[in-house]
Structures are given as C-alpha cells and as structure tokens.
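The block underneath contains the structure these notes are about, expressed in structure tokens.
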Amino acid sequence: MKGVFRLALKNLSRYRRRTFITASAVGVGLALYIITDGLLMGLDQESERNLILYETSSARVLSKDYWDEREQLPLDEAVEEPRRVVEALGELGVPATPRIVFDGELVVHENPYPSSGSFRTKLYGIDPETDNEVFRLRETVSEGRYLEEGENGALVGAWLAEDLGAEVGYPLTVLTRTRKGYYQTIDLEIVGIVDVPNPVINRKAVYIPYDTASVYLQMDGRATEIDMSFSQTADYRIRLDEARNAVAGGNDLVVKGWREIAANYVALSEMKAQGSGVILLLVFVIAAVGVSNTMVMAVFERVRELGMMRALGMEERDVRRLFLYEAAGIGLIGAVVGAAVGVLGVYLLSEYGID
C-alpha cells in the first residue's frame, strides 16, 4: 500500500498540467463559494445590526392587547406607567427608552416645497435624552441637529426628505388621531435630516419629541412601547428572560425579542441560508464531476502503463487504489488552494470591505 501511495504522488507530479487544471477548477469553485458565503453572512449580520440599532431594538415591552393589534398601531392599548418599567430595567443594567409610535399623514404645501401633496407614514415620539442609549439615531443626523425636549420639531428620513423636496427649516403638518379617537393636526418644523443605514427608516420615518407627541395625542404619559438594548457580549436569552421577569409579572405587559418582532425578516434570512447550502452542494457536484472526468481520461490514456503494471504483478485492487489516491490528491490540492484563496478573500472583505 505504501508503494502504491508513493506511485500516486509521482503520477500527480508527472502529469502536472492535468493535475494543475483539475485542481485549479476545484480550488476556484471552492474559493468563490467561501468568499460568496462570507459576503452573504456579513451582509446578514450587518442587516441584523441595522434592524436592532435603528428599528426593533434588542427587545421591546408592550401591552398584550397592543401586541395582538400591532399592525394597526393602536394608541389606546399603551403601557400605563412607562417610567416605572424603564426604572425596573435600569436596575438590571439594561438601557431602555419609551416611544410613542403612531400613524399619520404628512401634508406639505407648495412654497417652500416644490409642490403640494400628502404622504402616509409612521411617526415616532422619542425621548431625546434616553433614546440614544438604545438606538443610534443621533449619530445619523446628516443635516441640521437632533431633537430637543418640548419643541415642535421633527427629524425626517433622508429618502423621504428627498421625495418631498424638504430641507431643514421647512414646515411640516401631520394629520392623525389621538388616543381618544379625535382628529388632530400637529404643526412641526424640520430641524434635522437623518441618513440611516436602514432603508425602512430612510424611506418613511419621522421623529418628534416624546413629550410633544404625548400632549398632542392625549397619551397622558403613556407609551406604546418601551425599547431596550442588550450588550453584544451578554447572553441574549438570559437577558431576555431577566427582562420578562422584571416587567411582565402580574400585569398585562409582554416582552418580545427582536426575532419575534421581525419574524418576516428572520424567515427570509433562514431561506437565504438554505440557498447557500444549495450552492455548496453544487460546488461539490462540480468538483466531483471534474475529478471523475480527469481520472476517466487518465485511465484511457494510460492503458499501456496499466498493462505493464499488471504484467509486473500489480493486482486489480492496487490499480483501483492507485487511481483513488490520485483523485484524492487532486481534490486535496484543489481544496487547500481554494480554502487559502477563500480565507484571503474573506479577510480582505472583513478588513477593507466594499464601498
């Protein structure tokens, strides 16, 4: 067996062109898979971070009835004492902030805007003091400034501002309904534009101060949700269970993790992961076909050589073992080269990335 193995190694070096071409095909396919899978994995992780930092937070406290009707954004199913919940989470070392999320219609008029019109959107009443402990909105202000408590100011997503033709200082009117069902008009001034790495926020989000939203919407200190942030080094499930024990015991509140809040995104992400598995299977099939084709050609090209080895006393099983070792050698060379190139590609993507 040792002699057959040595002979297989000599054959690999003897037929260098064939070995190089087949191993290169295997290596290129494997390297492309590793780089592509690394890129998709990085994009998926970045999407999760953007979702948590700008949209869902790590977890959210809501009333049970609000969660059941969350698509309608009901203001009458709000958290009664949000400050108490924030304090309870603070004792656990979990930053938290209250928010009022409501539906409204933006109305703009020609002069200063390019034209008059209206736009249905989602508005957020945020606490300028505590919201940045959970979300990263303050860091994304590209024009103007951040919100201040008590003002009739608004932050507008960059894409929405572009669609409306809005600039800092422009007036903005919001038509909505209060918690008691009355129609309400809120006159605002755009104090800043946020350019967020989250298309949902950029496309249709408007932020106003929490206390301003509370007054106009007759919330009387209530909040539709309380968002919290977990440390990236903490065990997510343990922190989520601790938060549930702290705020959900004996009342009508529920704590939902970001995976429950963004269930559609999670399902889509899992589907993409399955797609990567299919790509890997195709890479293996291509590699197997390439190596098999090479070995079949080798058998036909080396008929005289095989006859000579059989004449010298080599048994059939040794001949089969010889070709098996050669095929394994070609696959191993391709795998090592492909893995090395793939690792280098992933390193470059991680260290420098693509603009």
- [ ] Would you tally the residues in segment 161-187 being assigned to a loop (DSSP other than H, G, I, E, B) and open to solvent by less than 50 Å² (accessible area, probe 1.4 Å)?
- [x] 6
- [ ] Please go through segment 99-153 and pick out each residue that is among the small types (Gly, Ala, Ser) and assigned to a strand (DSSP E or B).
- [x] Gly104, Gly117, Ser118, Gly125, Ser142, Gly144, Gly153
Open item on the list: modelled with pLDDT under 80 and among the small types (Gly, Ala, Ser): which single residue out of Ala328, Ala298 fits that description?
Closed with: Ala298
Task: Number of the exception - Val215 against (1) open to solvent by less than 40 Å² (accessible area, probe 1.4 Å); (2) at negative phi - done: (1)
- [ ] Mind listing whichever residues of segment 292-335 are open to solvent by 70 Å² or more (accessible area, probe 1.4 Å) and aromatic (Phe, Trp, Tyr)?
- [x] Phe300
Task: Residues of segment 1-23 satisfying the condition of being among the polar types (S, T, N, Q) and either closer than 30 Å to Gly125 by Cβ or in contact with a Gly (Cβ under 7 Å, 6 or more places away or on another chain) (or both) - done: Thr22
Task: Verdict on Ala267 being farther than 30 Å from Val168 by Cβ, assigned to a helix (DSSP H, G or I) and open to solvent by less than 20 Å² (accessible area, probe 1.4 Å) - done: no
Open item on the list: Test of understanding: among Ile279, Ile286, which residue is in a helix (DSSP H, G or I), open to solvent by 70 Å² or more (accessible area, probe 1.4 Å), touching an Asp or Glu at 6+ places or on another chain (Cβ under 8 Å) and not small (Gly, Ala, Ser)?
Closed with: Ile279
Task: When residues of segment 104-123 are limited to those that are among the charged types (D, E, K, R) and within 19 Å of Glu55 (Cβ to Cβ), the one least open to solvent (accessible area, probe 1.4 Å) - done: Lys122
Task: Filter result for Glu133 (open to solvent by 60 Å² or more (accessible area, probe 1.4 Å), under 30 Å from Glu77 (Cβ atoms) and either modelled with pLDDT of 95 or more or under 27 Å from the mean Cα position of the chain (by Cα) (or both)) - done: yes
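What do you reckon, is Leu280 touching a residue at least 24 places away in the same chain (Cβ under 8 Å) and over 25 Å from Gly42 (Cβ atoms)?
Judged against the criteria, Leu280 is not a match.
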TODO: Looking only at segment 75-93, decide whether some residue is in contact with a Leu (Cβ under 7 Å, 6 or more places away or on another chain), within 30 Å of Gly275 (Cβ to Cβ) and in contact (Cβ under 8 Å) with a residue 24 or more places away in the chain.
DONE: no
TODO: Among the helices (runs of 4 or more DSSP H) lying completely within segment 1-97, list those that include at least 2 residues that are among the polar types (S, T, N, Q).
DONE: 2-14, 16-51
Task: Search result, residues across segment 20-42 that are surrounded by fewer than 20 Cβ atoms within 10 Å (Cβ to Cβ), β-branched (Val, Ile, Thr) and more than 25 Å from Ala273 (Cα to Cα) - done: Ile21
Task: In segment 188-247, the residues that are among the small types (Gly, Ala, Ser), assigned to a strand (DSSP E or B) and closer than 26 Å to Asp65 by Cα - done: Ala205, Ala223
Open item on the list: Among the residues of segment 15-48, what is the count of those that are within 12 Å of the chain's Cα centre (by Cα) and either among the hydroxyl-bearing types (Ser, Thr, Tyr) or modelled with pLDDT of 90 or more (or both)?
Closed with: 1
TODO: Could you list all residues from segment 62-93 that are among the β-branched types (Val, Ile, Thr) and under 24 Å from Thr176 (Cα atoms)?
DONE: Val79
TODO: Among the residues of segment 249-259, count how many are without any contact (Cβ under 8 Å) to a residue 24 or more places away in the chain and surrounded by 15 or more Cβ atoms within 10 Å (Cβ to Cβ).
DONE: 1
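The values are calculated or read from the model by the stated rules, or taken from the named source; none is laboratory data. What you see is a predicted model, and the numbers here were worked out from it, not measured in a lab. We place every Cβ from the backbone using ideal geometry, glycine too, and count neighbours over all the protein chains shown. The area values use the complete protein model at the heavy-atom level, side chains included, leaving out ligands, DNA and RNA. Shrake-Rupley method; radii C 1.70, N 1.55, O 1.52, S 1.80 Å.
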